[in-house]
Every structure is written in C-alpha cells, then in structure tokens.
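Only one structure is covered here, and it is reproduced in the block below.
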Amino acid sequence: MSNLRSSLFMVLAMAAFALEDMFIKATAGLVPVGEILLFFGIGGTLAFIVMTLKRGQAVFHPKIISWPVIIRIFFEVIGRLFYTLAIVYTPLSSASAILQATPLVVVMGAALFLGERVSWQRWGAIAIGFTGVLVIIRPGLESFEISSLLAVIGMLGFAGRDLATRAASPVLSNLQLGIYGFFILIPTGLLMLLFNIGSAGNELTNQGFVWPDVLSTVLILAATIFGVIAYYWLTIAMRNGDVSVVTPFRYTRIVFALIIGATIFGERPDNLTLFGILIIVASGLYTLLHSKYSRSR
C-alpha cells in the first residue's frame, strides 16, 4: 500500500510541476522572466521556511556552508534559469520532454564523478536516451532552433543539482535544501532584470521591471503554489515508497505537458518530436528497471 500511495503522490507531483510550467509560460507574456524568478524565489523561500519550522528543523544549519551545497545552489540556478527560459521561448511539450533525460545524466554523472558502477547496458541506454534528445532538437537540420538548447542546458543544471544533493551532508533535510534552492532565485531574478535578459512578450527586449497587474500576480502566485506543492508531494513519494517503483512515474510529467501544450497553448508536436520523447522515456525506464534487476541478483 505504501508503494501505491507513493506512486500516486509522484503522479500528482508531476501534474503539479506541469501546471507550474503552464503558469510560468503564461506569465512570461506579461512580465520579464527575471521578475518571475524573483517573485517565485521569494514565495518559494517563505513557503519552505514555514514548512521547515513546522517540522521543528533549523532554517540555517552549519552544514549549509559546504562545497556540495554551494555546487548544488549553482546548478539549481542553471537549471531553473535555463529551463524557465526554455518553456518561455520553446514549446512546453518539447522542453518538458528534454527534461526527462535528467535521470540518464544523473546516472552518467554518478559513474563519472561519484564512482558508482554502471553496467554497459545502462551506458547503452544513456546513449540511446541522448539520441532521443537529438531527435527532438535536430541539430544541423533546417528545423533546428538554437533556443531548444535552453532546455538542454536546464536539464544539465537539474542533473548537476541532483548529483550535488547526493554528495550533500545527510543531516540536511530536503526542506532545508529547498529553502536555499529557492532563495538563490531572488538575486538571479534581480540580475536578469538589471541586464534586461528575457523580458516580457517572448522577446529579448530592453524592458526592466514591470509592476505586475492583478492577472500576472495571480499567475505568479499560482506557479509558486503549484511548485511548492509539487516539491512537497515529490518528497513524500520518494521517502515513503521504493525508489525503483516510484521513480518511473516521473515520466507522467511529459503526458501532462503534452496535454497542457495542446489544449492551452495550441502546440502540435510533430512525429519526430513524439518519437524522440518515446526514445527518452523508454531509455529512462530501461535504466531504472535494469538497476532494480541488478540489485536483486
């Protein structure tokens, strides 16, 4: 029953993440991206501080000042920044599909940097998964758009964050790490506004801070709420269920992204994009199942 409940929480978390992406993409036509990250960071930081205190944990722990956490924060910025830009300037379904390659990069990084053993079958799955990413972005072809690389960089950032999380001190809870993951978005958003990077209207315009109206305020608030809820549900899923059982349900996020992209933003992924999505998901599922089989032997 624990695995069934945890799997349900994983699906709900992925749906909430997809809704977070939807609200961010909708808000980007009204206010600059830097402003979205600024308010998203403020809201997320306050929410995680409240949840941390409610659990009786310290907001600041001495272990926060350590290289793994500093590296984690750096990759958090890379992941959040470039993935946010990706869902603003590229189809939501494509950006979300590329993000699904994150577990494959984590496995590869764990082998290269953390000394974990990876079988040749899993290396093969990683290579095939990256082929799926190439099918989606199509470098060298006429349909290639350089903006699609934003999602790739964002995906690499999230993978680096997950690897650094493994190396962080186990005395730090996910909630404590979440505080600083969201907090770093505040100065990141301010810097983006200062240099006018990723402004409103889906164009790189010379526009600074725009005082949010009622609609943009509601959209940013909704993105923050769903982002925090998704993170919390994800934590419940990973802590209470078997990782090998629960993790494959992460791929339901692409299903929700495809539905939202089609119904809300009128996106129609072509056959090559859908084929690339299938390759990435199949490779990720194989990697997880092979890992479970190897441990059971």
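The values are calculated or read from the model by the stated rules, or taken from the named source; none is laboratory data. Treat the numbers as computed from the prediction; the structure is a model and nothing was measured. Cβ placement follows ideal geometry from the backbone for every residue including glycine, while neighbour counts extend to all protein chains displayed.
Does the stretch 60-70 contain any residue that is in contact with a helix residue (DSSP H, G or I) (Cβ under 6 Å, 6 or more places away or on another chain), part of a helix (DSSP H, G or I) and more than 18 Å from Gly227 (Cα to Cα)? There is at least one residue in the stretch 60-70 that is in contact with a helix residue (DSSP H, G or I) (Cβ under 6 Å, 6 or more places away or on another chain), part of a helix (DSSP H, G or I) and more than 18 Å from Gly227 (Cα to Cα). Within the stretch 261-278, the set of residues being surrounded by 14 or more Cβ atoms within 10 Å (Cβ to Cβ) and acidic (Asp, Glu) comprises Glu267 only. When the stretch 17-35 is examined, which residues are found to be modelled with pLDDT under 90, part of a helix (DSSP H, G or I) and of a type in the set (A, V, I, L, M)? Correct list: Val33 only. Within the stretch 115-123, is there a residue that is within 25 Å of Met14 (Cα to Cα) and either of a type outside the set (Gly, Ala, Ser) or assigned to a loop (DSSP other than H, G, I, E, B) (or both)? Yes; the residues of the stretch 115-123 include at least one that is within 25 Å of Met14 (Cα to Cα) and either of a type outside the set (Gly, Ala, Ser) or assigned to a loop (DSSP other than H, G, I, E, B) (or both). Summed over the stretch 105-155, residues that are under 15 Å from Gly79 (Cβ atoms), hydrophobic (A, V, I, L, M, F, W, C) and touching a residue at least 40 places away in the same chain (Cβ under 8 Å) total 7.
Residue-by-condition table, conditions (1) among the hydrophobic types (A, V, I, L, M, F, W, C); (2) in a helix (DSSP H, G or I); (3) at pLDDT 90 or above; (4) in the same structural domain as Val281 (by TED's automatic domain parsing):
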| residue | (1), (2), (3), (4) |
| --- | --- |
| Leu177 | yes, yes, no, yes |
| Ile186 | yes, yes, yes, yes |
| Thr205 | no, no, no, yes |
| Ala222 | yes, yes, yes, no |
| Leu234 | yes, yes, no, no |
| Arg239 | no, yes, no, no |
| Pro248 | no, yes, no, no |
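Any residue at all in the stretch 19-34 that is on the phi < 0 side of the Ramachandran plot, out of contact with any helix residue (DSSP H, G or I) (no Cβ under 8 Å at 6 or more places or on another chain), without any contact (Cβ under 8 Å) to a residue 12 or more places away in the chain and not basic (Lys, Arg)? No; the residues of the stretch 19-34 include none that is on the phi < 0 side of the Ramachandran plot, out of contact with any helix residue (DSSP H, G or I) (no Cβ under 8 Å at 6 or more places or on another chain), without any contact (Cβ under 8 Å) to a residue 12 or more places away in the chain and not basic (Lys, Arg).
Restricting attention to the stretch 1-60, the residues that are of a type in the set (D, E, K, R), within 24 Å of Tyr251 (Cβ to Cβ) and surrounded by 22 or more Cβ atoms within 10 Å (Cβ to Cβ) add up to 3.
With respect to Val107, determine if the residue is within 16 Å of Leu185 (Cβ to Cβ) and either assigned to a loop (DSSP other than H, G, I, E, B) or of a type outside the set (S, T, N, Q) (or both). Criteria not met by Val107.
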